[in-house]
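A short worksheet on the structure shown next.
Values in this text are rule-based calculations from the coordinates and carry no lab data. Because the structure is predicted, anything quoted here is derived from the model rather than measured. Cβ coordinates were reconstructed from backbone atoms using ideal geometry, including for glycine residues, and neighbour counts include every protein chain displayed.
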Amino acid sequence: MAVWVPLLTTAVGALSATAGVLVGGWVSRRNQRDQWLLDKQLASYADLLGHYAKFSMVLKRAHADRSGWDYDWGAWSATLASAKLLASPQVAAKIQELGVKVGEFLDQVARDTTVRPLTDEAFKIASQGPAEAQLALINEIRRSLGKSHGQLTTHRDRRGPG
């Protein structure tokens, strides 16, 4: 009988160690996947907001200078789709809202700026919808990162378009 006690103790110890390794590997893999997704999300959000800032400035400058302009709308569309693909449902909804507001903005400002440029005031008014949608998106992204990030209350950057 005394022989079974050490064998049973050894078997229980081996099973416990094996279970610990398996659970640890599962938790580690899940954490790595979550971190990878977070990194990809933040990169796609930064890319999306970068495109928005870039084409807004290109259009603002073209209207102010009465000059021509060009932009790679395929890259904007791909970035928009990529960001929605990676986003949580709440963030994806705000990305969709930004896309709609940008479409409305482009309907007003994407024109021949050498012949029919907008005034600074008209451009500023046209920029308000996407600027508000951008702020809502940024705040939703911040919420998705955790409560410690707080909420922004302004979308106006004195140097930017809106």
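Here are some notes:
- Among Ser44, Ser67, Ser144, sorting on how many other beta-carbon atoms sit within 10 Å of each Cβ, with the fewest leading, yields Ser67, Ser144, Ser44.
- Gyration tensor (alpha-carbon) shape descriptor, segment 1-78, a/c threshold 1.5: prolate
- Estimated from helices alone, the mean residue ellipticity of the chain at 222 nm is -27500 deg cm²/dmol (sum of -39500 (n - 2.57) over DSSP H runs with n ≥ 4, per residue).
- Subtracting the Cα-Cα distance of Val58 and Thr153 from their residue separation scaled by 0.36 nm leaves 31.6 nm.
- Angle between the chain longest axis and helix 4-65 axis [Cα atoms, degrees, rounded to 10]: 0
- Between helix 73-86 and the chain: long-axis angle, C-alpha atoms, 0 to 90°, nearest 10: 30
- Reachable aspartates and glutamates, given that their alpha-carbon falls under 15 Å from the alpha-carbon of Lys101 and they are not under 8 places away in the same chain: Glu132
- Difference of contour (0.36 nm per residue) and Cα-Cα distance, Arg66 to Thr114: 16.8 nm
- The label point for Trp73 and the one for Asp34, both projected 7 Å from the Cα toward the Cβ, are 4.1 nm apart.
- Rg/Rh ratio calculated on Cα atoms of the chain (Kirkwood radius): 1.35
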